[in-house]
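Participant: My questions all concern the structure below.
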Amino acid sequence: MTIDELLADARIPTTPHDTFDVSAALRRLAADAAGAAAAPSPDLVRAAQAGQRLSVVCRWVLNKPDAANHVDRLAQEPAAPMDDGHLDVDGALVFACLLYLTDHRESAQFWWQLAAGAEHRAAAYCLHLHHFSLGETREARHWLHMVTDDVLDSDAPDDVFLATLEAVAAYVRKTGSSQASAPTGGLEMEVDRLATTSNGACIIVQRPDQQLADRLHDFTRR
């Protein structure tokens, strides 16, 4: 057998039945890729939901009529130690929520912890959601325990606030939305200003000053 005959026998036949359908192949590839893409795990879904709920709760806290007044009080004693009774815990909660919404998450955690350390369950609830959104389930459980701790007085005004927060969270879970406004650019600039003037190498945003409190008054009066 000659070399030409061998090549002829080795040639792949191309009949109409063997025509390559490019469109069909592309569709199969797309379907395979979609099937191969792993669905997010339940833990990731819950973490994302916790982050969404925390953002909405923070916006609700920031839009409360008395939010600016509490931050105002927090700014009144800038030199006072934060553990000697001078801390306005509601102001710490509001400030933490503002920090969270302006992407200063470590500072937000610090101020939430200050308020939660003073047995402010709304702040503990925010910490629960914050750690849950980071996948830190052990820390999230710790703060949830404080939220539901029966040691605290069930008649405390904080219970009303917590009940409202839970109602907001339930609303978010059902609708995924909130009417509360996000911080304005002016508020974000004030927070960034404080962040750049924090002392030394500390990455935690310092106590709010009167300039930020005034800007928050403008925000809540709009």
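The values are calculated or read from the model by the stated rules, or taken from the named source; none is laboratory data. Predicted model only: the values in this text are computed from it and were never measured. We place every Cβ from the backbone using ideal geometry, glycine too, and count neighbours over all the protein chains shown.
Participant: Would a scan of segment 21-44 turn up a residue that is at pLDDT 65 or above, within 30 Å of residue 88 (Cβ to Cβ) and in contact with a Ser or Thr (Cβ under 9 Å, 6 or more places away or on another chain)?
Facilitator: Scanning segment 21-44, I find no residue that is at pLDDT 65 or above, within 30 Å of residue 88 (Cβ to Cβ) and in contact with a Ser or Thr (Cβ under 9 Å, 6 or more places away or on another chain), so the answer is no.
Participant: Restricting the search to segment 90-113, which residues are over 14 Å from the mean Cα position of the chain (by Cα), surrounded by 21 or more Cβ atoms within 10 Å (Cβ to Cβ) and of a type outside the set (Phe, Trp, Tyr)? Show your work before the answer.
Facilitator: If we filter segment 90-113 for residues that are over 14 Å from the mean Cα position of the chain (by Cα), which is where we start, we get 90-95, 110-111, 113.
Pick out the ones that are also surrounded by 21 or more Cβ atoms within 10 Å (Cβ to Cβ) and you get 90-95, 111.
Correct list: 90, 91, 92, 93, 94.
Participant: Let me confirm something: among 139, 119, which residue is farther than 22 Å from residue 185 by Cβ, charged (D, E, K, R) and in a loop (DSSP other than H, G, I, E, B)?
Facilitator: The conditions single out 119.
Participant: Among 54, 74, which is the only one that is within 14 Å of the chain's Cα centre (by Cα), assigned by TED's automatic domain parsing to the domain that holds residue 192 and of a type outside the set (Lys, Arg)?
Facilitator: Step by step, each of 54, 74 is checked, and only 54 is within 14 Å of the chain's Cα centre (by Cα), assigned by TED's automatic domain parsing to the domain that holds residue 192 and of a type outside the set (Lys, Arg).
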